[in-house]
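Take a look at the structure below.
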């Protein structure tokens, strides 16, 4: 916010900063994505954090086949979602683990 002094008083202009993109965390534990469904805005980032004790996981998108590298306990992987849409995914090594990112305006 921009502030200026005017005749000894404080004059505040209502300038606002541009909206910043958000970073949402999805934890992986007990062979599940938590939460399994997230809703974000275009430009936001989702970060998957592996909280398992011994197992590696990946994030593989159903529609495109795009897959992260496997990440091990206490490692993470992030992806920015620039466009609106529904992005269903699963864990590459554990396909029973499923989730969805819903990007809306």
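Surrounded by 10 or more Cβ atoms within 10 Å (Cβ to Cβ), in contact with a strand residue (DSSP E or B) (Cβ under 7 Å, 6 or more places away or on another chain) and either on the phi > 0 side of the Ramachandran plot or modelled with pLDDT under 95 (or both): is that true of residue 23 in this structure? For residue 23, the condition - surrounded by 10 or more Cβ atoms within 10 Å (Cβ to Cβ), in contact with a strand residue (DSSP E or B) (Cβ under 7 Å, 6 or more places away or on another chain) and either on the phi > 0 side of the Ramachandran plot or modelled with pLDDT under 95 (or both) - is met.
Total residues in the range 35-68 satisfying the condition of being in a strand (DSSP E or B) and within 12 Å of the chain's Cα centre (by Cα): the figure is 10.
The set of residues in the range 65-94 that are without any contact (Cβ under 8 Å) to a residue 24 or more places away in the chain and closer than 18 Å to residue 30 by Cα comprises 70, 71, 72, 73. Taking the range 69-90 as the range and being assigned to a strand (DSSP E or B) and within 24 Å of residue 21 (Cβ to Cβ) as the test, the residues that pass are 71, 76, 77, 78, 79, 80, 81, 85, 86, 87, 88, 89. From the list 44, 30, 62, 74, the one residue that fits, being out of contact with any strand residue (DSSP E or B) (no Cβ under 9 Å at 6 or more places or on another chain) and at pLDDT 95 or above, is 30.
The values are calculated or read from the model by the stated rules, or taken from the named source; none is laboratory data. The model shown is predicted, which means the values in this text are computed figures rather than measured ones. Reconstructed Cβ throughout: ideal geometry from the backbone, glycine too, with neighbour counts over all protein chains shown.
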